[in-house]
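The values are calculated or read from the model by the stated rules, or taken from the named source; none is laboratory data. As the structure is a prediction and not an experimental result, all values here were calculated from the model. No Cβ is skipped: glycine too gets one built from the backbone with ideal geometry, and neighbour counts run over all protein chains shown. Side chains included, ligands, DNA and RNA excluded: accessible areas come from the protein's heavy atoms. Shrake-Rupley method; radii C 1.70, N 1.55, O 1.52, S 1.80 Å.
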Amino acid sequence: MATHLPKEKKPTEGRKHQNMQNNTKASQGQWGRAWEVDWFSLASILFLLMFAPLIVYYFIMSCAQYQCSLADPLLDLLTGNKHLSDIWNSTPTLTYRASVIYVLWVTFQVVLYLFIPDFCHKFLPGYVGGVQEGAVTPAGVVNKYEINGLQAWIITHVLWFANAYCFHFFSPTIIFDNWIPLLWCANILGYAVSTFAMIKGYFFPTNAKDCKFTGNFFYDYMMGIEFNPRIGKWFDFKLFFNGRPGIVAWTLINFSFAAKQQELYGQVTNSMILVNVLQGIYVLDFFWNEAWYLKTIDICHDHFGWYLGWGDCVWLPYLYTLQGLYLVYHPVQLYTAHAVGILMLGLLGYYIFRMTNHQKDLFRRTSGNCRIWGKKPEYIECSYTSVDGSKYYSKLMTSGFWGWARHFNYTGDLMGSLAYCLACGFKHVLPYFYIVYMTILLTHRCLRDEHRCSSKYGKDWKRYTAAVPYRLLPGIF
């Protein structure tokens, strides 16, 4: 649902510098979501609005009541062994304790986001933090952001481990122990912020020129009206909810699952350690490159609505952590060779993901005056015309990893996603939801971005796709 992890830019595009300086207006057709809604899009929106919350509930309920079996709840209902009311009545309700935990958590992340300027960039070589500029919006605005996500992650986790080993104010299993009551809290926040964003877009937008209205209530509610809704100068809805509190919580959730496994079985299995390590690398990579995230499709094209608001509050923390949750109910101790193989797959996927993006950024920063794999990069020069008639030129790289496939960074992403799932063994389908979902998500992103690029570059895009014919898997797709 939420698109916070696999970040996407235009494929290896290097735009000439003078054009960025001289013109800030791009074609409306190349920005953000749709202006008009077709019937297929509306049907998809209605399906997600109705069933996405039920999907999350079903997965979490199946673990709590059916040992993570996705088939048994349906079989019980179909055979009449149970009624929906029986399952619902066995589900923990919203509690005062969970509400306090959640309010304190979100408030703490807001404080870290707004009131503690980044200091990590002052002593971490290569890290870009502090005040950074985003991309130019359709209205010609360049927003500034306080990049301090890595700092927030570090402070949060230092305090978490200080409590676990020194202060003992609460148990490290606190997240697992309140998992379903916290789900209701996350839903309340997700719907509240999504509804507020829509009302704000209608009555007091941050920038009225960066709003889109289709006239269809459901589409506007889900996909958002405002491009960059903000409160005050620094609280940016997209940056906060895409990165905090959900992604900061991701590693804490996994740690809580590991602590519960230790409490129940007297040990933490190597599969749980693998999931914690591989997903921890991914989360740290996100925050290390948070400034780069400002130029991705989430910030540069997506408006803020239910898709991002609810998705980042609920879908991300509850479905991206299914592997750790599953391993609490079904601890798996892998053979050493199996564990090493999964670790290598995950690390290789991360290497491909990171190096592919590094090649792209190096190519862009130097406008092609660099070396990729020891050689000057090959590229196709493209041009396009903006809505006011100004002409732009771009370079699309066709060498390095980007010569293998047009979105080879996603290939690495999928390899890492598969590694998380393989760590859970093969007895249940539930932990494999993540690789299925990511495959659908990234394939859709490929098609969505390439549709924009085809409209933007025309014949030049056809030249590019002829030079790099595959999207994700060389020789296959």
| query | Looking at (1) out of contact with any helix residue (DSSP H, G or I) (no Cβ under 7 Å at 6 or more places or on another chain); (2) acidic (D, E); (3) surrounded by 13 or more Cβ atoms within 10 Å (Cβ to Cβ), which is the one condition that is false for D72? | reply | (1)
| query | Out of curiosity, is G134 in the same structural domain as E263 (by the TED database) and closer than 18 Å to R230 by Cα? | reply | yes
| field | Checklist (1) within 23 Å of W310 (Cβ to Cβ); (2) of a type in the set (A, V, I, L, M, F, W, C); (3) crowded, with 21+ Cβ neighbours inside 10 Å applied to I231, failing item | value | (3)
| task | Answer with yes or no whether S455 is among the polar types (S, T, N, Q) and not in a helix (DSSP H, G or I). | result | no
| note | Conditions (1) buried (at least 18 other Cβ atoms within 10 Å of the Cβ); (2) farther than 30 Å from E263 by Cβ -> V136 fails only (1)
| task | Could you please give the count of residues in segment 301-343 that are open to solvent by 20 Å² or more (accessible area, probe 1.4 Å) and in a helix (DSSP H, G or I)? | result | 8
| said: Out of the residues in segment 102-127 meeting the condition of being crowded, with 16+ Cβ neighbours inside 10 Å and touching a helix residue (DSSP H, G or I) at 6+ places or on another chain (Cβ under 7 Å), tell me which one is nearest to S171 (Cα to Cα). | reply: Y102
| field | Matching option when the condition is open to solvent by 20 Å² or more (accessible area, probe 1.4 Å) and either among the aliphatic types (A, V, I, L, M) or not assigned by the TED database to the domain that holds Y307 (or both), among L441, L396, L414 | value | L414
| message | Looking at L316, L343, can you tell me which residue is touching a residue at least 60 places away in the same chain (Cβ under 8 Å) and not assigned by the TED database to the domain that holds Y191? | response | L343
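Residues are listed down the side, and each one gets a yes or a no for (1) part of a helix (DSSP H, G or I); (2) open to solvent by 10 Å² or more (accessible area, probe 1.4 Å); (3) touching a Lys or Arg at 6+ places or on another chain (Cβ under 6 Å):
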| site | (1), (2), (3) |
| --- | --- |
| K209 | yes, yes, no |
| G215 | no, yes, no |
| D220 | yes, no, no |
| K238 | yes, no, no |
| F257 | yes, no, no |
| L264 | yes, yes, no |
| F286 | yes, yes, no |
| message | Looking at the structure I just gave you, is Y420 in a helix (DSSP H, G or I), open to solvent by less than 30 Å² (accessible area, probe 1.4 Å) and aromatic (F, W, Y)? | response | yes
| said: Restricting to segment 166-201, name every residue that is open to solvent by 10 Å² or more (accessible area, probe 1.4 Å), outside any helix (DSSP H, G or I) and in contact (Cβ under 8 Å) with a residue 40 or more places away in the chain. | reply: S171, P172, N178
| task | Only residues that are touching a residue at least 40 places away in the same chain (Cβ under 8 Å), hydroxyl-bearing (S, T, Y) and surrounded by fewer than 15 Cβ atoms within 10 Å (Cβ to Cβ): list them for segment 85-101, please. | result | T93
| If you go through segment 344-391 one residue at a time, how many are closer than 19 Å to R406 by Cα, open to solvent by less than 50 Å² (accessible area, probe 1.4 Å), in contact with a helix residue (DSSP H, G or I) (Cβ under 9 Å, 6 or more places away or on another chain) and not in a strand (DSSP E or B)? | 12
| Is at least one residue of segment 11-29 farther than 22 Å from Y320 by Cβ, β-branched (V, I, T) and at pLDDT 50 or above? | yes
| query | Quick one: in segment 37-66, which of the residues that are aliphatic (A, V, I, L, M) and open to solvent by less than 40 Å² (accessible area, probe 1.4 Å) is nearest to L84 (Cα to Cα)? | reply | M61
